[in-house]
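The values are calculated or read from the model by the stated rules, or taken from the named source; none is laboratory data. What you see is a predicted model, and the numbers here were worked out from it, not measured in a lab. Quick reminder, even Gly has a Cβ in these numbers, built from the backbone with ideal geometry, and neighbours come from all protein chains shown. For the accessible areas, the whole protein counts, side chains as well, though only heavy atoms, and no ligand, DNA or RNA atoms are used. Shrake-Rupley method; radii C 1.70, N 1.55, O 1.52, S 1.80 Å.
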Amino acid sequence: VRQLTASADFPESGPALQTVASWETAWIAQNHLPAGAETTTHAHPNDQLHFVLEGDARIMLGEAESMLPEDGFAFVPAGSPHRVSNPSDRAISVVEVTAPGLGPGEPVDTEPQRPDPARAAYVRLPSEGDRTEAMPGFFIRWLASRDLGSMSCAAYVADTDPGSGGPGTHIHRFDQAYVVLAGALNVEIAGELHEVGAPALVLLPAGVPHRQWNGGHRAERHLALLLPQPEPGQTLDYSVDFTLNAAITGA
Ligand SMILES: [Zn+2]
């Protein structure tokens with residue numbers, strides 16, 4: 001569990017990019033832009049997902065410019081030129097997920113390439129996309145998936161009502177991360193209990209038993225990342241019966 005930096009705690013001068021996790025499957029960074037700041041127009045060798053944590057961002061995807069409010073999302077496929085700017089008068093903070101991650105010495109930027117028409121860049125506003133009740137009191141809204149052209153990272157926003165939660169203790173074959181956006185999320189990771197207040201990142205490497213729920217009295221919201229999303233027909237969750245330091249019994 002890693003606490004994320006509030007915009008107020010970043011230096012006031014210039015953009016700042018802070019790595020929060022670096023895995024083979026993803027590089028997760030928090031990009032802070034003070035009022036009026038902007039990045040250059042650039043492209044990456046891997047796909048990139050942008051999610052606005054704080055403030056109102058402007059993103060240019062190819063020729064198209066969009067305003068992304070808090071909880072706004074953009075998918076930037078490998079090679080696709082893009083630029084993020086902050087036209088507002090307060091700092092903004094954007095979570096950037098580069099998937100797969102970068103190997104040692106691998107450059108972050110690449111020459112822009114001709115876009116693959118099957119995997120176009122897109123934005124998704126907080127009001128867009130279907131919200132489905134995956135479990136009682138646990139709602140998800142997909143932002144990126146294989147169906148939407150994102151092969152290395154799927155993402156959804158989950159809303160958990162007080163007293164509700166995800167499935168019981170389980171594992172995945174893929175790495176998973178949660179960005180806690182609002183309220184607090186209770187997470188049990190390999191038998192350890194955490195109460196994670198926003199903004200924070202929860203890292204769940206493949207094979208680590210976990211479960212999550214909202215034990216508080218306020219609504220909870222997090223961004224979930226699947227690195228990568230299982231292929232169609234593959235199992236998402238494997239239920240496990242996990243007891244720390246349990247005696248081995250049976251013949
Ligand atoms: Zn970028």
> So which trypsin sites (Lys or Arg not before Pro) in segment 198-251 pass both tests, a DSSP loop state and at most 12 other Cβ atoms within 10 Å of the Cβ?
Replying inline: Arg218
>> Regarding segment 1-133, what's the average projected area of the Cα-atom convex hull, expressed in nm²?
In response: 9.3
> How long is the gain from Asp89 to Val108 if the chain were fully straight, where each residue apart is worth 0.36 nm and the alpha carbon distance is subtracted?
Replying inline: 4.0 nm
> Whole-Å semi-axes of segment 83-127's equivalent ellipsoid, largest first, each the root of 5 times a Cα gyration tensor eigenvalue?
Replying inline: 24, 18, 12
>> Could you report segment 208-251's accessible area per residue, 1.4 Å probe, as an integer in Å²?
In response: 68
> From largest to smallest, what semi-axes in whole angstrom does segment 1-64 give when each is the square root of 5 times an eigenvalue of its alpha carbon gyration tensor?
Replying inline: 19, 19, 10
> Hey, what D do you get for the chain in µm²/s if you plug the Kirkwood alpha-carbon radius into Stokes-Einstein at 4 °C and 1.567 mPa s?
Replying inline: 69
> At a Förster distance of 35 Å, what's the computed FRET efficiency of Ala190 paired with Thr19, Cβ-Cβ distance as r, to 0.05?
Replying inline: 0.90
> Of Ile28, Ile189, which has the most accessible area and how do the rest follow, probe 1.4 Å?
Replying inline: Ile189, Ile28
> If we count every other residue with Cβ under 14 angstrom of Ser22's Cβ, Lys/Arg +1 and Asp/Glu -1, where does the sum land?
Replying inline: -3
>> I'd like the per residue volume of the convex hull spanned by the Cα atoms of segment 170-246, given in cubic angstrom.
In response: 95
> With every protein chain kept in the model, how would you rank Arg173, Arg131, Arg114 by accessible area, 1.4 Å probe, largest at the top?
Replying inline: Arg114, Arg173, Arg131
>> Rounded, prolate or oblate for segment 126-223? Axes are the square roots of the Cα gyration tensor eigenvalues, ordered a ≥ b ≥ c, and the cut-off for rounded is a/c under 1.5.
In response: oblate
> Per the Debye formula with a single identical scatterer at each Cα and no solvent contribution, what log10 I(q)/I(0) holds for segment 62-201 at q = 0.11, 0.15, 0.18, 0.20 Å⁻¹?
Replying inline: -0.52, -0.96, -1.30, -1.49
